[in-house]
Amino acid sequence: MGETNQSFRLIAFVLIVVGTLGLLANEFIADWGRAATLASAALNFVGLVGLGYSLMRSRKRSGT
């Protein structure tokens with residue numbers, strides 16, 4: 001079960017990185033428009049929610 005939580009954290013972290021890189025690329029390199037900005041922000045949001053969920057889940061298991 002711990003391995004599932006670790007993979008969930010990895011996926012969440014990758015979503016955060018991809019979303020952040022998308023926002024930075026949209027701002028400084030290419031002007032992709034509003035749709036790309038919203039998609040990158042959504043990836044960041046989903047990644048942050050997933051990371052928060054996995055951290056809360058691991059704290060419940062450890063009893064802290």
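The values are calculated or read from the model by the stated rules, or taken from the named source; none is laboratory data. This structure is a prediction, so every number in the text was calculated from the model and none was measured. Neighbour counts are summed over all protein chains in view; Cβ atoms, including those assigned to glycine, are modelled from backbone coordinates with ideal geometry. Side chains included, ligands, DNA and RNA excluded: accessible areas come from the protein's heavy atoms. Shrake-Rupley method; radii C 1.70, N 1.55, O 1.52, S 1.80 Å.
Numbers for the structure displayed
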| read-out | value |
| --- | --- |
| Single unsatisfied condition, ARG57 versus (1) in contact (Cβ under 8 Å) with a residue 40 or more places away in the chain; (2) under 15 Å from the mean Cα position of the chain (by Cα) | (2) |
| Every pair of residues 6+ apart whose Cβ atoms lie under 6 Å, when the first sits in region 14-25 and is within 11 Å of LEU48 (Cβ to Cβ) and of a type outside the set (Val, Ile, Thr) while the second is open to solvent by 30 Å² or more (accessible area, probe 1.4 Å) and in a helix (DSSP H, G or I) | LEU15/LEU43; LEU15/VAL46; GLY19/LEU43 |
| Total residues in region 1-45, condition basic (Lys, Arg) and over 26 Å from SER58 (Cβ atoms) | 1 |
| Answer residue from region 24-64, given it is within 30 Å of GLU3 (Cβ to Cβ), open to solvent by 90 Å² or more (accessible area, probe 1.4 Å) and in a helix (DSSP H, G or I) and is modelled with the lowest pLDDT among those | ARG61 |
| Residues within region 1-21 that are charged (D, E, K, R) and surrounded by 12 or more Cβ atoms within 10 Å (Cβ to Cβ), tallied | 1 |
